[in-house]
Structure formats: structure tokens, C-alpha cells
Amino acid sequence: MTGITSITRRPSYSAMNIPRSSCIRCGVCCKKGGPTIHTEDKKLIEKGKITVKFLFTIRKHEPAFDNIRNLIAPAKTDIVKIKGKKDSSECIFYDPSNSECRIYKNRPVECRELKCWDTREISLLYDKNRINRKTLLSGINDLWDLIQDHQDRCSYKKIAELSDKVKCDNIGRKDALEKLNEMLRYDYSIRHLIVEKDKKASEMLDFLFGRPLTATLKMFGLKTKEDAYERGCINDA
Ligand code: SF4
């Protein structure tokens, strides 16, 4: 009789406590989230290997997880990243059924440099040469003006100050809430305006203006009502 009659399962590397020296395609890095885009990756975007609809921006001063320091801190600059899947942080290009990257040959530099068993190289690269929105949008002046206006009016630095007032300052609370609601309405209207001009642009909004404030204000202990966009309605949580 031929054929396999029994399989002896090999214990995992971690169970055996064996130091790794190569990628075993466990997918852990891809499941933790997409990589940050660096200037070395610009050509991938210019050649259409990675399109802007797969990117999103963590805006300057937005709370962001720092993988190297293992803490959440305000972003020092814009951070442009590959999106996660809906309701998960798993990189949008990760194919769990085959444990593989759908853009492997054109994966960004962070993915090429990452060796989970030796993080020295990725640590050197991590916060260097991060690409920003302006670099990717060079030549589209009107759009950049809109983005700058949004960045000024919906600055995360101001949001942090106002949310502190909402929580700690009884006298300034009403005024701070009104200012936050103004920001919320503006954030909605600018996105709406762009999509009215070009429906396909809806896929690019998280890159152009970062994630909507309705999704990010909870990081400041603020909660928005479901129809917050239309009415601009924030309550402190
Ligand atoms: S781009 Fe590819 S290698 Fe990089 S995190 Fe996404 S799935 Fe993984």
C-alpha cells in the first residue's frame, strides 16, 4: 500500500524556541498593518504598481503607534501608509489563504528590509525619508491648496488642545465644543465637495485628507453621533 498514513506535525519555531534566520511566511508582520511609504517607494506609485487608492495618511500631530518605541505619540510629520482591510489592521495586500503578499515583487522598502528576527535595519529606516502628500501631489496646485487649508482648519494639534478644554475647563468647554463641531462640519464638506466633482475620488479621500474626523476623534476621548457629519455633533465621551 502506498500513500501517507500518518503525519508528524513539526512544532512551530516559537514552540521550539529556535532563533529564526529567515522568513517562514507566518504573516505576523502583514497582519499587524501595512507599511509606511518612503521616498524609495515613490517610483512604485509613479509606475502604478501601488495606486493612491490603497494609501491613507496619518496627518501631522495625529496620534500614531510607533512600532519601534512601542507607544502611541503624535506623528511628527505626515505618515503615508498602505491601508488595512475593512475592520482589521491586516495589510490590504496580504492574502491569508496562501500566506502571501499580492504585490510581493513590488512591495515597499519597509517590507523588503523587515527581518523580524533582527530589527536593526528596519530601525535605521523606520522614520527616515517618509514620503508626504505634497511630494506625491506635486504639480496639482489647487488640490494641494485645499489639503493645506484642511490641515490648518482641522489640525490635530488644535484638536488635542480643544479636547483638553472640553474635559478640564468648565468655562471654555462650550466654546471648545463649538470649535470642534465646526471642524467636523468642515472635514465633511471638503470630502463631499471632492466627491461631487469626481466620484472616483472617494477612494482617495483617506490619502488626501487623512481618515475622517468621525473615525479619529475617539482617540481624543470624544465621541460623535451617527449623523455627526451633517450636524457636526460631538459629545465628550
Ligand atoms: S505590502 Fe505585502 S509584504 Fe508588505 S505588509 Fe502588505 S502584504 Fe505584507
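As a quick test, which of the pairs K42/K157; K32/K179; K43/K223 have an alpha carbon distance above 31 angstrom in this structure? All intermediate terms of the calculation are to be shown ahead of the outcome.
Values: K42/K157 28 Å; K32/K179 35 Å; K43/K223 39 Å.
In this structure, K32/K179; K43/K223 exceed 31 Å between Cα atoms.
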Amide H of T77: which non-local residues (sequence gap of 5 or more, or other chain) have their own amide H closer than 5 Å, using H built in the peptide plane?
H61
Mean-square fluctuation maximum in Gaussian network of the chain, Cα pairs under 10 Å, restricted to K218, K49, K105, hits K105
Based on C-alpha coordinates, I'd like the Rg and Dmax of the chain, in Å.
21.4, 85
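Would you mind classifying the stretch 22-134 by shape? Square roots of the alpha carbon gyration tensor eigenvalues, ordered a ≥ b ≥ c; an a/c under 1.5 is rounded, otherwise it is prolate if a/b is larger than b/c and oblate if not.
Note, shape of the stretch 22-134 comes out rounded.
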Can you tell me what the convex hull of the Cα atoms of the stretch 139-236 projects to on average, as an area in nm²?
6.3 nm²
Under-5 Å amide H pairs with D66, H placed in peptide plane, nonlocal only
L71, I72, A73
Once R0 is set to 35 Å, what does the formula 1/(1 + (r/R0)^6) return for the Cβ-Cβ distance between K86 and D169, expressed as a FRET efficiency to the nearest 0.05?
0.40
Rounding to the nearest 20 debye, state how big the charge dipole of the chain is about its Cα centre with +1 on each Lys and Arg Cβ and -1 on each Asp and Glu Cβ.
780 debye
Estimated 222 nm signal from helices in the chain, with DSSP H stretches of n ≥ 4 weighted -39500 (n - 2.57), rounded to 500:
-10000 deg cm²/dmol
For K197, K115, order by how many other beta-carbon atoms lie within 10 Å, fewest first:
K197, K115
Between I140 and E178, 0.36 nm times their residue separation minus their Cα-Cα distance comes to what?
10.4 nm
Karplus-derived HN-Hα couplings along the stretch 58-67 (A = 6.51, B = -1.76, C = 1.60, θ = phi - 60°), whole Hz, x at Gly and Pro:
8, 6, 3, 6, 6, x, 9, 7, 9, 5
Net +/- balance of residues flanking I131 in space, Cβ distance below 13 Å, scoring K and R +1, D and E -1:
+1
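With respect to the cross-link table entries K81/K200; K134/K197; K31/K60; K85/K174; K47/K197; K49/K115, which display a Cα-Cα separation exceeding 28 Å? Could you put the intermediate results ahead of the total?
Values: K81/K200 20 Å; K134/K197 21 Å; K31/K60 25 Å; K85/K174 37 Å; K47/K197 25 Å; K49/K115 23 Å.
Check vs 28 Å cut-off fails for K85/K174.
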Local electrostatic count at K158 - Lys and Arg +1, Asp and Glu -1, tallied over other residues with Cβ under 10 Å
+1
Positive-pole candidate from C111, H150, A160, dipole of the chain, charges at beta carbon:
C111
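A short reminder: the numbers here are calculations on the coordinates, not readings from a lab. Keep in mind it's a predicted model, so treat the numbers as computed, not measured. In this analysis, Cβ positions are derived from the backbone assuming ideal geometry, glycine residues included, and neighbour counts consider all displayed protein chains.
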